[in-house]
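Note sheet for the following structure.
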Amino acid sequence: MKRPAKDLERASRVVTRRGLVLGGLQLGVMGVLGWRMQSMQVEQAEQFRLLAEENRVNLRLIPPERGLIFDRNGVKLAENSQNYRIVIIREDAGDVDETLARLARLIHVPPEAIETAKEEMARRSPFAPVPIMERVPWEDVARVTVNTPSLPGIIAEVGLSRLYPQREELAHVVGYVGPVSDYDLTRGYLATDTDPVLREIPRFQVGKTGVEAKMEHDLRGSAGTKRIEVNAAGRVMRELGRVPGTAGSDVQLTIDSGLQSYLHARLEGESASVVVIDLEDGDVRAIGSAPSFDPNLFVRGISVADWRALNENKYRPLAAKAVQDAYPPGSCFKMITALAALEAGEIDSQETVWCPGHLDVSGTRFHCWRRGGHGNINLHESLKQSCDVYYYDVGQRVGIDKIAEMARKLGLGVNHDLPLSAVTEGIAPDKAWKRTTRGEDWRIGDTVNASIGQGYVLASPLQLAVMAARLGTGRAVTPRLVRTVDGVPQPSGGGESLGLNENNLRRIRESMFDVSNHRRGTAWRSRIEAEEMLMAGKTGTSQVRRITAEERARGVTSNADLPWERRDHGLFVAFAPYDNPKYAISVVVEHGGGGSTAAAPIARDVMLQALYGGTPPLEAYPSADRGRIDELQQQIQDRAQQRASEGRDRA
């Protein structure tokens with residue numbers, strides 16, 4: 001049926017309006033889409049490009065290569081060795097437990113290593129590579145690399161690990177490195193360090209003790225960065241670019257590793273320390289504490305058994321005795337009392353003091369080591385024979401303040417700034433010191449004790465070596481341990497004149513000469529026979545227990561009959577050659593008995609090794625000692641060769 005013309009016209013108008021509305025709507029939508037596309041592609045293009053990059057590109061820190069440490073002759077004391085390790089990136093690993101389980105089925109992974117890695121992942125950024133195993137055999141590295149597609153987030157990589165070729169010989173000097181701990185970052189010496197490698201690279205190693213710790217900022221260097229592309233499975237596809245870091249500075253020490261090796265061997269079986277100083281520039285040629293330990297144990301992760309063995313050893317192998325321990329210097333302090341009195345004009349070299357074997361002061365009897373006394377004795381003989389009563393008398397005349405002032409001038413009671421751990425300041429006490437630290441007035445008995453290096457007086461082996469160096473030269477010799485940093489020489493420690501009267505110094509030196517070279521000198525048996533190498537020294541014995549009146553009445557118990565912990569310390573200080581001093585030395589043997597029997601022989605042997613730059617001829621020793629010395633030298637050489645062989649095997 002044909003529709004009326006009016007109906008057709010009405011329908012046409014309706015369709016036309018709807019078409020226009022729909023068309024307008026379509027044009028509007030297309031306009032909005034076009035505007036949004038233009039905005040995203042042009043105005044926001046950089047923002048979305050960066051978002052896309054972050055989805056497929058990771059930025060990682062490259063640990064810096066730690067600077068090397070050398071001795072004065074270029075021998076490596078701390079170096080970097082290749083270290084294959086397995087790491088995991090949590091963000092790329094997906095199911096971490098499943099991934100670690102697959103790894104454990106592929107290679108041997110200790111359960112504790114897995115637990116440690118999980119704990120570390122919980123504390124770190126999900127993008128940070130967390131080590132699972134260190135020092136992995138090459139065969140395991142190859143297995144992991146081949147199976148990378150089935151181990152998302154697991155990477156086998158090559159890093160660097162610290163190695164100490166000299167092992168025990170320089171452990172207390174060079175120190176060792178270890179992973180950054182929470183204590184280091186919150187309360188330790190790194191608490192204010194803002195270097196991102198400390199917090200963003202898990203188990204990043206920093207210096208813990210010795211030169212490694214004290215020169216951390218020089219040795220560490222600065223990290224680099226690299227941009228890597230990863231696929232959806234977390235597998236690294238390619239490296240897009242890198243900014244190389246800066247290696248740490250190389251540090252050259254003043255130590256002579258050959259002399260240090262001999263020192264370490266010579267101290268075997270002792271609880272002792274030795275310091276040798278070059279008098280020309282203050283260079284510390286050797287500084288050792290015995291017994292020692294292998295610092296490589298700490299780098300690799302020390303076992304509980306090894307830690308307990310070191311920590312519970314009564315001879316304290318972990319202690320750097322040469323710088324951090326302070327002892328009563330005993331008779332080695334008498335040169336200070338004598339020089340203070342000479343400089344103050346309180347005595348002259350010929351004046352004598354009567355020594356009946358004791359001196360009564362304020363109702364207290366102070367004894368000389370020689371029960372029958374020395375009779376009338378002057379300055380020269382008092383040092384040669386180490387009379388105590390002479391110094392009891394002289395000390396009261398000069399007074400403790402002048403004695404303390406002289407002690408500090410000669411290097412005691414001051415902190416020598418070496419890059420070593422826990423360097424002690426010792427104590428050179430005076431009246432003000434006692435009021436400040438003890439809240440008490442100084443007493444005359446305190447002066448009597450201090451005059452022979454007992455009572456409150458404490459000094460480290462390093463300070464005693466400095467004292468010997470300054471007595472031998474008259475200069476303010478300052479110990480120096482770092483020779484160069486990246487080839488740049490460090491300031492010399494030769495020092496300027498102390499301003500002391502040369503005649504007074506000469507009298508002290510002449511007395512020290514006779515200590516070692518006169519038949520009645522306390523170190524006569526440990527003398528040097530070579531005319532051009534003669535040594536001037538002073539023995540010392542430091543009491544560690546109080547001798548009661550009852551014990552004196554029945555006879556003082558000999559050190560040999562006492563438990564080791566109650567025996568006296570033995571000390572010796574010296575410089576040589578006498579006519580043109582080149583080296584100064586100090587030796588402390590803990591609970592070794594007398595300085596003449598325990599410390600002086602060690603000092604003589606080490607001094608000769610330094611003077612000759614190697615094994616000295618037997619003619620340099622007293623004839624009675626040559627057979628024993630020859631045997632000792634051979635034993636030391638054999639042990640040194642054995643240790644060197646063991647060191648190569650471990651490396």
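The values are calculated or read from the model by the stated rules, or taken from the named source; none is laboratory data. Not measured: the values here are computed from a predicted model. FYI the Cβ positions are ideal-geometry reconstructions off the backbone, even for glycines, and counts take in every protein chain you see.
The rows are residues; the columns are (1) out of contact with any Ser or Thr (no Cβ under 9 Å at 6 or more places or on another chain); (2) exposed (fewer than 13 other Cβ atoms within 10 Å of the Cβ); (3) over 30 Å from Ser421 (Cα atoms).
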residue	(1), (2), (3)
Arg102	no, no, yes
Ala122	yes, yes, yes
Ile132	no, no, yes
Val141	yes, no, yes
Pro165	yes, no, no
Tyr183	yes, yes, no
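Every test in (1) of a type in the set (Lys, Arg); (2) closer than 27 Å to Phe513 by Cβ; (3) crowded, with 17+ Cβ neighbours inside 10 Å is passed by Arg370 save one, and that test is (3).
If you go through region 383-404 and keep only what is among the hydroxyl-bearing types (Ser, Thr, Tyr) and either part of a loop (DSSP other than H, G, I, E, B) or at pLDDT below 95 (or both), you end up with just Ser386.
Scanning region 411-433 finds one or more residues that are under 17 Å from Gly455 (Cα atoms), in a helix (DSSP H, G or I), of a type in the set (A, V, I, L, M, F, W, C) and in contact with a strand residue (DSSP E or B) (Cβ under 8 Å, 6 or more places away or on another chain).
Candidates are the residues of region 530-555 that are assigned to a loop (DSSP other than H, G, I, E, B) and charged (D, E, K, R); the one that is modelled with the lowest pLDDT is Arg545.
Counted as qualifying within region 132-203 are the helices (runs of 4 or more DSSP H) with 1 or more residues that are within 20 Å of the chain's Cα centre (by Cα) and of a type in the set (A, V, I, L, M), namely 171-174, 182-186. As a summary of the residue check, Glu631 satisfies the conditions (1) of a type outside the set (Gly, Ala, Ser); (2) at pLDDT 90 or above; (3) surrounded by fewer than 18 Cβ atoms within 10 Å (Cβ to Cβ) except for the one numbered (2). For region 455-470, which residues satisfy the criterion of being in contact with a helix residue (DSSP H, G or I) (Cβ under 7 Å, 6 or more places away or on another chain) and over 11 Å from Thr337 (Cβ atoms)? Within region 455-470, Gly455, Tyr456, Ser460, Pro461, Leu462, Leu464 meet the criteria.
For region 405-415, the criterion of being in contact with an Asp or Glu (Cβ under 6 Å, 6 or more places away or on another chain), at pLDDT below 95 and either within 30 Å of Ala286 (Cβ to Cβ) or not hydrophobic (A, V, I, L, M, F, W, C) (or both) is satisfied by at least one residue.
For (1) at pLDDT 95 or above; (2) closer than 25 Å to Arg639 by Cα; (3) assigned by TED's automatic domain parsing to the domain that holds Glu79, each residue gets a yes or a no:
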{"residue": "Leu267", "(1), (2), (3)": "no, yes, no"}
{"residue": "Val284", "(1), (2), (3)": "yes, yes, no"}
{"residue": "Glu343", "(1), (2), (3)": "yes, no, no"}
{"residue": "Arg370", "(1), (2), (3)": "no, no, no"}
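Which is at pLDDT 95 or above and of a type outside the set (S, T, N, Q), of Ala523, Ala469? Residue meeting the stated conditions: Ala469.
So that you can scan it fast, the table gives a plain yes or no per residue for (1) among the charged types (D, E, K, R); (2) more than 20 Å from the chain's Cα centre (by Cα); (3) surrounded by fewer than 20 Cβ atoms within 10 Å (Cβ to Cβ):
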| site | (1), (2), (3) |
| --- | --- |
| Leu410 | no, yes, no |
| Val414 | no, no, yes |
| Thr424 | no, no, yes |
| Gly445 | no, yes, yes |
| Leu458 | no, yes, no |
| Leu464 | no, no, no |
| Arg475 | yes, yes, yes |
| Asp486 | yes, no, yes |
| Gly494 | no, yes, yes |
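Which one of these does Ala428 not meet: (1) exposed (fewer than 15 other Cβ atoms within 10 Å of the Cβ); (2) more than 24 Å from Met607 (Cβ to Cβ); (3) over 21 Å from the mean Cα position of the chain (by Cα)? The number of the failed condition is (1). Scan Gln324, Gln350 and give me the residue that is closer than 26 Å to His569 by Cα and either surrounded by fewer than 23 Cβ atoms within 10 Å (Cβ to Cβ) or not hydroxyl-bearing (Ser, Thr, Tyr) (or both). Exactly one of Gln324, Gln350 is closer than 26 Å to His569 by Cα and either surrounded by fewer than 23 Cβ atoms within 10 Å (Cβ to Cβ) or not hydroxyl-bearing (Ser, Thr, Tyr) (or both), namely Gln324.
Taking every residue in region 307-336 that is free of Cβ contacts under 8 Å to residues at least 24 places away in the same chain and pairing it with any residue that is in a helix (DSSP H, G or I) and surrounded by 21 or more Cβ atoms within 10 Å (Cβ to Cβ), at least 6 positions away or on another chain, yields no pair with a Cβ-Cβ distance below 7 Å.
Has region 243-251 got at least one residue that is in a strand (DSSP E or B) and modelled with pLDDT of 80 or more? For region 243-251, residues in a strand (DSSP E or B) and modelled with pLDDT of 80 or more: present.
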